[in-house]
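Structure first, then comments.
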Amino acid sequence: MGWLRFAFEKIRALAGRDRLDRELDEELKIHLEISTADYIARGVPQAEARKRALMDLGGIDLAREIHRETRGVPWLEGLWQDSKYALRALRNDARFTVMALAVLTLGIGANTAVFSIVNGVLRRPLPYGHSERLVSIQEVIPQLAHVAPVLPVNGRHYLDWARNARTLESLALIRTAELNLTGAGEPERLQAAKVTANLFDVLGVPAQLGRTLVPDDSAREESRVAVITDSLWRGRFASSRQLIGQTVELNGAAYVVVGVLGRDFRPYFRTSMNVQSAGKYQIEVYTPWKIDENEWGWAGEHNYACVGRMKAGVTPRQVQAELDVLQAGIATRFENTGKMDLLSNVTALQDHVVVGSRKELLLLLAAVGAVLLIASFNLGNLMLVRALARRREAAVRAALGATRFRLASRSVLEGLYLALSAAGLGAVLAYQLLVWFRISAPSGLPRADEVSLDWLSVLFAVGVSLAAAVIFGLIPFRSLWRVHPQEALRAGGRSATESRSGVLLRETIVGIEVALSVCLLIVAGLLVNSFRRLQEVDRGFRPEKVLTAEVSLPATRYGDDEKRRRFLSELLRQLNEQPEISSAGVSSLLPLRGQIWTDIVRPEGDKRPIAELPIVPYRAVSAEYFEAMGIPIAAGRSLQESDYPRLTAVISARAAAQIWPGQNPIGKRFSRAMADSGFFEVVGIAGDVRSAGLDLQPEPTVYSALWARVPRTAAIAVRTRVGPREAAATLRKTVWSQDPLVPVSAVQTMQEIEDDSTAPRRFLMMLVAGFSLAALLIAGLGTYSVLAYTTSRRRQEIGIRLVLGASPPSVAWMAVRQGVVPVVIGVAAGVAGALALGGILSSLLFEVVPNDPITFVAVTALMSAAAGMACFVPARRAAAMDPAETVRYE
Amino acid sequence: MGKSKLELLQGTLDLLVLQTLATMGPMHGYGIARRIEQVSGNQILLNQGTIYASLVRLQQHGWISAAWGASDNNRKAKYYSLTELGLKQLSEERHTWQRLNAVIGMVLTAPAGE
């Protein structure tokens, strides 16, 4: 308790300084009066008495000083004073302060934003209960690994695991589909999922309203109940709390809405094997699924997603080991497949979700960190210059007894003020940057919408700003450490040369800045080059002027192939008659949308088991599809309407080479996996299309005639005469003129689809390029400022040389020669660094090697030009000096 | 040594001030200083100004309290008096001081070979 009171008294003393000073003065006055009176009483004359009283007191000022020291907390007060000084110094040198604050805020803000992104995507747990115990389970068939490294799950296998796996607490199976929501308002097509009723228990998520699914929902029969997401509830049903218990119409059937999921819920499971489509899956409706074992065979039919919850203390590897044993047992039941092994692939769900983004994000973090590092070093150099200018003041203080601590504290405090203000402003900037990011992030980046500024980000901002403050606060500190008062106070103090190590320090800093910038620029250059190559690659189709849309034919009115075929056939006929449209076609799938549908090709007469037959992506297309998409027919002919009802097909060049190597495939026949689907006749060969991704090899594709198996959802591709967007209205009108209840969705130009597919690459490239240009600018400014300062310090020397007959160019060269050395070393170091990083980068590049000489040369040239410009002004100033003036000055 | 005045340590000055107030009751700064000088037979070299530093420290610990009052000649002066806490502190410190004294005395007078 005593210390508490003590502390309290100290605070009071600090707060009431003036009052206490006055009281003491009063006391001292009285003290002297009484003391003098005493002396007088003893017979000492007045003047002498006063003098003796003063002597006894020991001096008023001394009394005041030790009183002040005793009652306060001297080091704290000293610090307080220094901090006021620091603030004043910052205010006086407003130009420096504003610039430093601006640079720091940008650096810290950008770093905090990128950190938040990395944190939100990579580190933060998924929005499920105990998400670290969740795993994604896929299947692996080694013999097919060249086509598909992992496969979705077969329903019968799932049941086997659910019954026998002991490492797993529970398992759920998910089947994605699209449903038409009708009834209240416009018809809308929704992404939906049919799931085993235990899904939400496996995930560990509650409903925010009503309930999630329960086992009863699929025990005896499939209940017509639905659980919807928060976004659908808000968007379509206006957050009505009365929704629970009401019915909605899905694909013509009535479903009762029993629950609404929480706002944070995200569906991180996918059936597609393509990473790209992950972000696009926004499942809005969940309905229960009664699994009927007999619905599937043991082999094939890998169509569903599977999520499991591990028991406590189990690792994904253990689960995979156990499942592999079960899989081996399942494989023994395969019939007529030939040698086909079956394994599993079990990954922690979070890894499964973010795979493919980790490297890019970490690269971003490194790039933005490098920019801040460069900025901090730059500021350090500038503060060094300021500190040198104040050497005299520091020398005086040192002579008066200031400790090193106090000498350093002013510049450290300046640094702290700058850093902490920048941290605050930077956090605000980061918040804005994240808002922009959530809107414009490429859809390929998973969890982008979960990114936000949380307490960890703020902590990061403060931490980073303190680290920056340490860097640029300590740089001048080091030089002030050795202050020789006599030297600095000498009359000609200005011409006192800096210590050798001080100059070396500054040059090292410039070298480091240049090295980091060069390294970053090279990385950016490689990414830009990569992206350029990607844009120029031969796609196999021509996206300009192509508009696409999806139509979904409701099962109630278009239940069989024939009805659908007639609808689509008539639709295409009408579309092809429109003046704005030059050709219109239909396909089950469009390229670059991350969708895939594969099947076996069994050439006629080929009796090999299934495992040995080629597995190839299939499309069901109409006759004009190739024309609409601009896919060339290399041999034979395209499909034609008149082929109906014969089953014809066009195959891509690669498919031809794979299925009938060395032969002419035209005229040959093949069947699909389902032997009863009949034989197709190959009538033409089409050019290869990069349908999986522009940066991937073209896939072999079989384009079968549309009427062989008419899809329920079809993609329409129209080549327009006018701009593609203008044709959208015509497209809709034509569809609805045939049937107003058919939803038309996903209206996009083919170019937009293509841009979407390259968006992640473009995003990364633009950010890294932006950062590298910022780095270049800052490093260039840093070089310039150091050179300018050095040149001005050597004015006298330069003047003397000029007087002695040196030519201006030689003097200019001498002035900047010092500055060139660190730049050259920096460039060399940066190049070496970039070469070392090469291996890591290669997976991010497309058709560009990590040591691409053109990029290296270009960046070196750019940096040399920048350094040259930075040197130019000081050099010119040196050459233009009037010798008479500089010698006279001083 | 004789008549040379001994220099005082800060801590011991605090103790002397407390003792003075305990013996003499409330006094002002000058009075305390004079009293210490007198009682020590002028052997203690006292920079009178340091009294006030000592007084402020004792106040902050709560061992003395201060109040403005009138002196004998009706002069306004700041009077300091011992608090209960201070009385306790005084007896503790006296104890410590005496023990210290005894121990040092033992060391200083210990014969060789012990």
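Here is how the numbers come out for the structure above:
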quantity: Using alpha-carbon coordinates, inclination of helix A:561-577 to the longest axis of chain A, degrees; calculated: 70 degrees
quantity: Rounded to whole Å, sorted largest first: equivalent-ellipsoid semi-axes of region A:754-852, Cα gyration tensor; calculated: 43, 15, 10
quantity: Dipole magnitude of chain A, debye to nearest 20 (Cβ charges: Lys/Arg +1, Asp/Glu -1, about Cα centre); calculated: 2640 debye
quantity: Mean Cα-pair separation over length for chain A, i.e. relative contact order, pairs under 8 Å, 6 or more apart, %; calculated: 14 percent
quantity: Flagged links, alpha-carbon separation over 24 Å, of A:LYS10/A:LYS51; A:LYS545/A:LYS733; A:LYS290/A:LYS339; calculated: A:LYS10/A:LYS51; A:LYS290/A:LYS339
quantity: All aspartates and glutamates inside 15 Å of A:LYS563 as judged from Cα atoms, apart from same-chain residues fewer than 8 positions distant; calculated: A:ASP739
quantity: Charge dipole (the protein assembly as shown, unit charges on Cβ, about Cα centre) - positive-most of A:VAL621, A:LEU459, A:ALA113; calculated: A:LEU459
quantity: A:GLU169 versus A:ARG22: modelled label distance in nm, points set 7 Å from Cα along the beta carbon direction; calculated: 7.1 nm
quantity: All Cα pairs of region A:1-160, percent lying beyond 25 Å; calculated: 71 percent
quantity: Rg/Rh (Cα only; Kirkwood hydrodynamic radius) as it applies to region B:52-114; calculated: 1.29
quantity: Order by protection proxy (mean Cβ within 10 Å, highest first), peptides A:92-104, B:68-80; calculated: A:92-104, B:68-80
quantity: Translational diffusion coefficient (Stokes-Einstein; Kirkwood radius from C-alpha pairs) of region A:395-451 at 4 °C, 1.567 mPa s, in µm²/s; calculated: 87 µm²/s
quantity: Efficiency of FRET from Cβ geometry, A:LEU777 and A:GLN751, R₀ 35 Å, rounded to 0.05; calculated: 0.55
quantity: Distance between modelled label sites at A:ALA635 and A:ARG712, nm, 7 Å Cα→Cβ extension; calculated: 3.9 nm
quantity: FRET E, pair A:ASP538, A:ASN851, Förster distance 35 Å, beta-carbon r, rounded to 0.05; calculated: 0.85
quantity: Label point 7 Å beyond Cα of A:ARG42 along Cβ direction - residues of region A:49-75 with amide nitrogen under 18 Å; calculated: A:49-59
quantity: Estimated D of region A:620-694 in µm² per second, where Rh is the Kirkwood radius over Cα pairs and Stokes-Einstein applies at 10 °C, 1.306 mPa s; calculated: 122 µm²/s
quantity: Qualifying lysines (Cα of each under 20 Å from Cα of B:LYS76; at least 8 residues distant if same chain); calculated: A:LYS29
quantity: Cα-based Kirkwood hydrodynamic radius, region A:701-746, one decimal, Å; calculated: 12.6 Å
quantity: Pairs of Cα atoms farther than 18 Å apart, region A:686-820, %; calculated: 77 percent
quantity: Helix A:808-841 vs. chain A, principal-axis angle (Cα, 0 to 90°, nearest 10); calculated: 40 degrees
quantity: C-alpha long axis of helix B:49-61 to longest principal axis of chain B, angle in °; calculated: 90 degrees
quantity: Aspartates and glutamates whose Cα lies under 17 Å from that of A:LYS194, excluding same-chain neighbours fewer than 8 positions away; calculated: A:GLU178, A:ASP216, A:ASP217, A:GLU221, A:GLU222, A:GLU249, A:GLU284, A:ASP292, A:GLU293, A:GLU295, A:GLU301
quantity: Gained length - A:ASN92 relative to A:TYR644, 0.36 nm times residue gap less alpha-carbon distance; calculated: 190.1 nm
quantity: Distance histogram in 20 Å bins (all Cα pairs of chain A, percent per bin); calculated: 11, 32, 27, 18, 9, 3, 1, 0
quantity: Whole-number D in µm²/s for region A:498-641 (Stokes-Einstein; Kirkwood sum over Cα pairs; 10 °C, 1.306 mPa s); calculated: 76 µm²/s
quantity: Kirkwood hydrodynamic radius of region A:290-406, Cα pairs, Å; calculated: 21.5 Å
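Read-outs: derived from the displayed coordinates by stated rules, not from any lab. Predicted model, so just to flag it, every value in this text is computed and none were measured. Counting neighbours? That spans all protein chains shown, and the Cβs are built from the backbone with ideal geometry, glycine included.
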